[in-house]
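Working notes, beginning with the structure itself.
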Amino acid sequence: MRGGYTYESYCTAAEYIRERIGWTPEIAIILGTGCAPFTERIEDPVVFGYADIPNFLVTTNTSHAGTMIAGTVAGKRVICMNGRFHYYEGYSMEELNIPVHVMHVLGVQTLILTNAAGAVNPAYAPGDAMIIKDHIKLHLGSPLRGPNIAELGPRFFGVSDLYTKVLRDLARTCAGTASLMVHEGVYMFFPGPQFETAAEIRAAAILGADAVGMSTVTEALTAAHCSMRLLAISLITNMCTGVIDEPVDGSEVEGVAAKAADAFSSFLYSIVKTI
Ligand code: HPA
C-alpha cells in the first residue's frame with residue numbers, strides 16, 4: 001500500500017480531518033492498550049472512525065477502538081487516536097509511518113505516545129509508568145525505508161533528542177503529584193505478537209532495556225523524521241518472562257492496564273495541562 005504514497009496522499013487524509021474538526025490541533029496523542037479512559041476527558045469531542053479517513057489505516061486489534069477524537073483537554077486543542085497500528089497486525093514498517101505523517105501535515109507540533117509494556121527492570125512493578133528516555137530497535141526495517149518524501153522530512157535524520165528532553169523533564173515534574181509510580185527508562189521494541197522468551201529478556205537487560213513492547217518505535221522514528229516534539233510513556237502491565245517465575249499472558253496485560261487506567265489518564269491529563 002505504502003509503495004504508492006505521495007505527499008498528496010498524506011494531504012488528502014489531513015484535509016479530511018481538518019474539514020471534520022475545523023481547527024489545527026496543537027498536540028496529537030496515540031493511546032495504547034488500556035489508555036482509552038483518557039478519551040473521557042476530552043471536551044467538545046468530534047469523533048470519527050479511522051475507516052472514514054482516506055489513505056489511513058484500519059485497526060485489526062479488538063482491544064483498540066479505531067477512532068479519532070478531536071477536542072479540548074485542559075484548554076489545549078488535541079487530537080487523540082484511540083487505538084494504534086502494529087507491525088504484528090500485518091502492516092509493513094513503512095505503512096506504520098502513515099498516522100504520524102498525517103498528523104504532521106495537519107499541523108500538529110507535539111506528539112504524545114502511550115503504550116502497555118512489560119518490565120525487564122526488576123525494580124518496576126505492574127501498574128507503574130515509565131517515561132521513555134530512549135529506545136532499542138534491533139528488528140530489521142524502518143518506517144522511513146523506501147523513497148523519501150522531501151516535503152515530510154530529510155532522507156537522513158538524527159535521533160539524538162528523539163524523546164524530547166524538555167518534555168521528559170516536564171513529565172517528571174508531573175510525576176510528583178501522580179497516583180502511580182513513575183520511572184524513566186529505555187524501551188526495547190520486539191515485533192510480537194508472541195511475548196518474548198526468557199533468553200530474549202536476559203539479552204534485553206544486558207543491552208540496557210528497562211521495558212519491552214510491540215509498538216511506539218515506528219511512530220517515534222516518524223516523529224523524528226518530520227521534526228515533531230515527542231513524549232512517550234509506557235504503562236507497565238506485567239513483569240517479563242523470566243524476570244519473575246510466572247508466564248506472561250495477554251489477558252493479564254489487559255486486566256492490569258484496565259485497573260491502572262484512571263491513574264494513568266490523570267497523569268497524562270496533568271502532562272497535557274502543563275505542556
Ligand atoms: N512484552 C511485549 N509487549 C508487551 C508486554 C511484554 O511483556 N506487556 C505489554 N506489552
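Listed values, structure above:
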quantity	calculated
Over region 145-209: Kirkwood hydrodynamic radius from C-alpha pairwise inverse distances, Å	15.7 Å
Convex hull volume per residue for region 110-172, taking Cα atoms only, in Å³	136 Å³
Extreme residue, positive dipole direction of the chain, given options CYS240, MET81, GLY158 (C-beta unit charges)	GLY158
Helix-derived mean residue ellipticity, 222 nm - over the chain, DSSP H n ≥ 4, -39500 (n - 2.57), to 500	-9000 deg cm²/dmol
Counting DSSP beta bridges with both ends in the chain, the antiparallel % (nearest 5)	35 percent
Reduced Cα scattering model of region 170-275, Debye log10 I(q)/I(0), q = 0.14 Å⁻¹	-0.66
Positive-end residue, the chain charge dipole about Cα centroid, Cβ charges, pick of ALA224, GLY66, GLN194	ALA224
Binned Cα-Cα distance frequencies in the chain - 10 Å width, integer %	7, 32, 38, 20, 3, 0
Normalised convex hull volume, region 58-135, alpha-carbon set, Å³ per residue	150 Å³
Cα-derived Rg over Rh, computed across region 28-159 with Rh taken as Kirkwood radius	0.96
Loop-resident sites, region 175-275, for GluC sites (Glu not before Pro), counting at most 15 other Cβ within 10 Å (DSSP)	none
Rounded to the nearest 20 debye, dipole of the chain from Cβ charges on Lys, Arg, Asp, Glu	660 debye
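Any read-out appearing in this document is the output of simple, stated calculations on the displayed coordinates, not a laboratory observation. Owing to the predicted nature of the structure, the values given are computational and were not obtained by experimental measurement. We place every Cβ from the backbone using ideal geometry, glycine too, and count neighbours over all the protein chains shown.
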